[in-house]
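Here, each number is a calculation from the coordinates, and none is a lab measurement. Quick caveat: nothing in here was measured; it's all calculated off a predicted structure. Glycine gets a Cβ as well: all are built from the backbone with ideal geometry, and neighbour counts include every protein chain shown.
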Amino acid sequence: MSDYKEIRLDVADGVATLTLNRPDQLNAMTMDLLAEATDAVRRAPGLGARVLVLTGAGRGFCSGAALSADVLNSDVGVLARQGLNPLVEALSATELPLICAVNGPAAGAGCSLALLGDFVIAARSAYFLEAFVNVGLVPDGGASWLLPRLIGPARAMRMMMLGERISAEQANDWGMLTSMVEDSAFADEVAKLSAKLASGPTRSYALIRRAVRAGLESKLSEMLEVEAVNQTEASSTADFAEGVAAFMEKRPPLFKGE
């Protein structure tokens, strides 16, 4: 969309594609990029989107924060609090299914963003790098919360303390990804999954996202009640009525996200 300078937001057929758009810098994050991306995430549902795809322009997903003399002379924690954290919170809170399409290197906070998706699809040439320790910093963007849950504390410590590249193949083996695909098939795979989600029961997806995140911090008895509340909401939607009708009539459902 024309009102952004460091990202692109394109919405078509229910799919909102948010592209980090500083390809000459491997989409390194500036404060302006972070503010624009946060705004785009919040705007997408009102533009008719039923699924959100986060990706990068050019040959990289995101190389992390754009390092500069200004950054080196700043309190990086304040920069994270004011710029990166609102984007992570917006991506976590969105009602839309989130696909992170990792087309290339995902380093530093870019690695954190790449792993936030409900679906993380990586091209074979991509890699993941918790680069913070290599410049004397610590992981941010939610990495220290997310990585131990994804791959366990031992592997998370290895990534964060050794600062080694993790190939897409290894990330897939460790359970960090939904799938790894050949570079030549990457765009088609993302488009196919996006189209499937955009035609699905949007409210159900939102409730599933909410429940899974709650479940990471809740007891079983608490989650049983969350599921019951969510089931009440889901069963009041037009998509539920359509799903039942389609089942009874032995035809594919035509969900409208309502």
With label points set 7 Å from each Cα along the Cα-to-Cβ direction at Leu162 and Glu249, the distance between them in nm comes to 5.7
Computed curve, the range 48-187, Cα-only Debye sum without solvent term, log₁₀ I(q)/I(0) at 0.13, 0.18, 0.20, 0.21 Å⁻¹, is -0.53, -1.02, -1.25, -1.36
Determine which aspartates and glutamates satisfy two conditions relative to Lys5: a Cα distance under 15 Å, and not lying fewer than 8 residues away in the same chain.
Asp24, Asp32, Glu36, Asp39
Under-5 Å amide H pairs with Gly56, H placed in peptide plane, nonlocal only
Leu20, Asn103
List residues of the range 231-258, by number, whose backbone nitrogen lies under 11 Å from a label position 7 Å along Cα→C-beta of Asp13.
none
Per residue convex hull volume, Cα atoms of the range 195-258, in Å³
86
Between Glu169 and Ser125, what is 0.36 nm times their sequence separation minus the Cα-Cα distance? Round to one decimal in nm.
14.9 nm
Calculated from backbone phi, Karplus (6.51, -1.76, 1.60) coupling profile of the range 79-88 in Hz, x at Gly/Pro
4, 5, 5, 8, x, 6, 4, x, 5, 4
Calculate for the chain the 222 nm mean residue ellipticity that helices alone would give, adding -39,500 (n - 2.57) per DSSP H run of length 4 or more and normalising by residue count, nearest 500 deg cm²/dmol.
-13500 deg cm²/dmol
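Which three semi-axes in whole Å describe the equivalent ellipsoid of the chain, each the square root of 5 times a Cα gyration tensor eigenvalue, listed largest first?
Values: eigenvalues 203, 86, 66 Å².
Whole-Å semi-axes of the equivalent ellipsoid: 32, 21, 18.
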Can you work out the Karplus-derived ³J(HN,Hα) for every residue in the range 90-99? Use 6.51 cos²θ - 1.76 cosθ + 1.60 with θ = phi - 60°, whole Hz, and x for glycine or proline.
5, 5, 5, 8, 4, 7, 8, x, 10, 10
For the chain, longest principal axis from Cα atoms; helix 31-43 axis from its Cα atoms; angle between them, nearest 10 degrees, is 0
Distance from the range 7-59 to the range 152-171 (C-alpha centre basis), Å
27
Compute the FRET efficiency between Arg43 and Thr178 as 1/(1 + (r/R0)^6), taking r as their Cβ-Cβ distance and R0 = 25 Å, and round to the nearest 0.05.
0.45
